[in-house]
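Following: one structure in structure tokens, then a few remarks.
The values are calculated or read from the model by the stated rules, or taken from the named source; none is laboratory data. None of these values were measured; they are calculated from a predicted model. Methodologically, a virtual Cβ is constructed for each residue, glycine included, from the backbone with ideal geometry; neighbour enumeration extends over all protein chains shown. Keep in mind that these areas ignore ligands, DNA and RNA; they rest on the heavy atoms of the full protein, side chains included. Shrake-Rupley method; radii C 1.70, N 1.55, O 1.52, S 1.80 Å.
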Amino acid sequence: MMKCSNIDDFKAMKSFSFKNKTVHFAKQLFYVSILSILFSACSSNDNESNNNQSEYYFKATLDGRKINYYDANFQFSGNNGRFEHIIIGGFETPYPKTPGQLAPNSLDFEIWRTGGNIAEGTYSTPLEPEMIARYAVQTKEGTIVYNTSIADDVFTVKIESISEKGIKGTFSGKLRNMDSGVVVEVTEGSFYLPDSVLVNPS
């Protein structure tokens with residue numbers, strides 16, 4: 001299976017990413033921009049991901065709306081065979097091929113265990129200090145970000161299996177917009193993804 005050439009650059013950029021719960025809005029917008037660029041570049045080059053449509057998935061229900069995510073992706077990094085950082089994300093619709101069109105809304109979450117190891121088990125905010133989940137809504141006026149920066153909003157990821165070949169699990173929780181206070185409820189989340197290969201829904 002083909003891997004996107006931007007994966008290594010993306011992992012390098014993630015070393016400068018969000019490592020605490022009090023993430024600034026400007027940094028979130030920067031992250032969303034990088035994520036959009038990465039996925040759009042990969043989706044135009046990695047056609048082999050379509051061969052995995054029936055086997056792999058990333059899906060959830062947001063405020064009662066069921067979504068099977070496009071260009072879903074799992075990436076990890078770590079030393080000495082450990083999973084010190086993982087990130088999973090995807091888009092609600094196919095990424096547009098026409099320049100200037102708005103990027104689709106996206107959902108992603110990441111967990112850091114710097115110096116440690118992310119294994120099978122349950123991870124939740126705010127107990128997990130280096131974990132964050134985000135929902136980004138694209139509008140003509142800019143990006144509206146919902147996340148887990150508020151301590152009262154719990155987001156839980158249960159990892160059922162994880163290896164260098166891929167990851168499987170479930171997730172749910174609340175994501176809040178810092179400006180408006182509006183909450184997006186995420187339920188019935190589940191994922192089964194290979195490493196660094198974009199996956200589209202069947």
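Only one of the numbered conditions (1) out of contact with any strand residue (DSSP E or B) (no Cβ under 9 Å at 6 or more places or on another chain); (2) closer than 21 Å to ASN68 by Cβ is not met by LEU127, and that is (2). The set of residues in the stretch 151-174 being closer than 10 Å to PHE191 by Cβ, open to solvent by less than 70 Å² (accessible area, probe 1.4 Å) and of a type outside the set (A, V, I, L, M, F, W, C) consists of GLY166, GLY169, THR170. Across the stretch 101-130, the number of residues qualifying as in a strand (DSSP E or B), crowded, with 19+ Cβ neighbours inside 10 Å and either acidic (Asp, Glu) or more than 17 Å from the chain's Cα centre (by Cα) (or both) comes to 2.
Residues in the stretch 95-107 include at least one that is under 15 Å from THR187 (Cα atoms) and at pLDDT 95 or above. Name the single residue that is surrounded by the fewest Cβ atoms within 10 Å (Cβ to Cβ) among those in the stretch 131-150 being more than 19 Å from ARG113 (Cα to Cα) and either in contact with a helix residue (DSSP H, G or I) (Cβ under 8 Å, 6 or more places away or on another chain) or touching a residue at least 40 places away in the same chain (Cβ under 8 Å) (or both). Here the answer is GLY142. Residues being free of Cβ contacts under 8 Å to residues at least 60 places away in the same chain and closer than 19 Å to GLU55 by Cα: count how many of those fall in the stretch 165-178. Within the stretch 165-178, residues that are free of Cβ contacts under 8 Å to residues at least 60 places away in the same chain and closer than 19 Å to GLU55 by Cα number 4.
May I ask you to list the residues in the stretch 56-89 that are small (Gly, Ala, Ser), under 25 Å from VAL183 (Cβ atoms) and out of contact with any Pro (no Cβ under 9 Å at 6 or more places or on another chain)? Passing the criteria: ALA60, GLY64, GLY89.
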